[in-house]
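To start, the structure itself, in structure tokens.
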Amino acid sequence: VSANVAWMVASGYPNWIQFTSTSGNSNGSTTIECAPNPSSFSRSAILTFEGGGQTATLSVTQSGAAPSLAVTPNNHAFAASGGDHTFTVTGNVPWTLSNPPAWLNFSTLSGANNGGFTATCSANNGTTSRSAQFTLQGGGQTVILNITQQGQAPQVSVSPTSMTFSAA
């Protein structure tokens, strides 16, 4: 800071910015530190220095973190009877589920950052298992989800189980 008077940093700066000193007499210095930016978007602030009725501004910009996106688990197997399963999304970007199969319903198809969704699987009344592969996408990231569901066990039965006929 170049000054011939006492100076200070005006209040109202964001909490992700910290100073070693927010005031001084005449020429001096302060170190500005930025807390890690968890978002994939850059952030900025205008800092105002005041002294002797004068102001000077400093523009500070911090780049965003690299986009990240993950889902746990990314594979799941449902029983033939169906059911619900909750998936956890960890990331720093908006995300969207793409191309889910008709036999699965979701509590949400989109979100942002950390969150999750529940998949509800209808009963599979056939004897053949079924599977689907679909994606969770956001921030240029793609996660593939693999879902399978068992089929019903094959069954054969007769009723009644025995019959008696007369000779004639």
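The values are calculated or read from the model by the stated rules, or taken from the named source; none is laboratory data. From a predicted model like this one, the values you see are computed outputs, not experimental measurements. Cβ: placed from backbone, ideal geometry, glycine included. Neighbour counts: every protein chain shown. The area values use the complete protein model at the heavy-atom level, side chains included, leaving out ligands, DNA and RNA. Shrake-Rupley method; radii C 1.70, N 1.55, O 1.52, S 1.80 Å.
If a residue has to be closer than 27 Å to Ala112 by Cα, aromatic (Phe, Trp, Tyr) and over 23 Å from the mean Cα position of the chain (by Cα) to count, how many in segment 39-58 make the cut?
Looking only at that region, the number is 0.
So Gly83 passes all but one of these: (1) under 22 Å from the mean Cα position of the chain (by Cα); (2) open to solvent by less than 60 Å² (accessible area, probe 1.4 Å); (3) under 30 Å from Gln152 (Cα atoms). Which condition number does it fail?
So the condition that Gly83 fails would be (1).
May I ask you to list pairs of residues, at least six apart or on different chains, whose Cβ atoms are under 9 Å apart, with the first in segment 70-82 being touching a residue at least 60 places away in the same chain (Cβ under 8 Å) and the second being surrounded by 15 or more Cβ atoms within 10 Å (Cβ to Cβ) and among the basic types (Lys, Arg)?
Pairs found: none.
Taking segment 40-69 as the region of interest, how many residues are touching a residue at least 60 places away in the same chain (Cβ under 8 Å) and farther than 30 Å from Gln150 by Cα?
Going through segment 40-69 one residue at a time, the tally reaches 3.
Residue under question is Pro67, and the condition is that it be more than 18 Å from Thr118 (Cβ to Cβ), out of contact with any Cys (no Cβ under 8 Å at 6 or more places or on another chain) and at pLDDT below 95; does it hold?
In short, yes.
Please state which of the following conditions Thr96 fails to meet, knowing it meets all the rest: (1) farther than 30 Å from Gln152 by Cβ; (2) of a type outside the set (D, E, K, R); (3) open to solvent by less than 50 Å² (accessible area, probe 1.4 Å); (4) touching a residue at least 40 places away in the same chain (Cβ under 8 Å).
Evaluating Thr96 over (1) farther than 30 Å from Gln152 by Cβ; (2) of a type outside the set (D, E, K, R); (3) open to solvent by less than 50 Å² (accessible area, probe 1.4 Å); (4) touching a residue at least 40 places away in the same chain (Cβ under 8 Å) leaves (3) as the failure.
Only one of these conditions is not met by Ala119: (1) surrounded by 12 or more Cβ atoms within 10 Å (Cβ to Cβ); (2) under 18 Å from Phe41 (Cβ atoms). Which number is it?
Unmet condition: (2).
Quick one: which strands (runs of 3 or more DSSP E) sit completely within segment 7-56 and have at least 3 residues that are of a type outside the set (Val, Ile, Thr) and open to solvent by 50 Å² or more (accessible area, probe 1.4 Å)?
Here the list reads 43-51.
Here are some residues: Phe49, Phe41. Which one is of a type in the set (Phe, Trp, Tyr) and farther than 27 Å from Val93 by Cβ?
Result: Phe49 is the single residue among Phe49, Phe41 that is of a type in the set (Phe, Trp, Tyr) and farther than 27 Å from Val93 by Cβ.
Condition check: in contact with a Cys (Cβ under 9 Å, 6 or more places away or on another chain) and within 30 Å of Asn146 (Cα to Cα). Does Phe106 satisfy that?
On the way: in contact with a Cys (Cβ under 9 Å, 6 or more places away or on another chain): no; within 30 Å of Asn146 (Cα to Cα): yes.
No; evaluated as a whole, the condition is false for this residue.
For segment 124-141, indicate whether the set of residues that are surrounded by 14 or more Cβ atoms within 10 Å (Cβ to Cβ), outside any loop (DSSP other than H, G, I, E, B), in contact with a His (Cβ under 9 Å, 6 or more places away or on another chain) and at pLDDT 95 or above is non-empty.
No.
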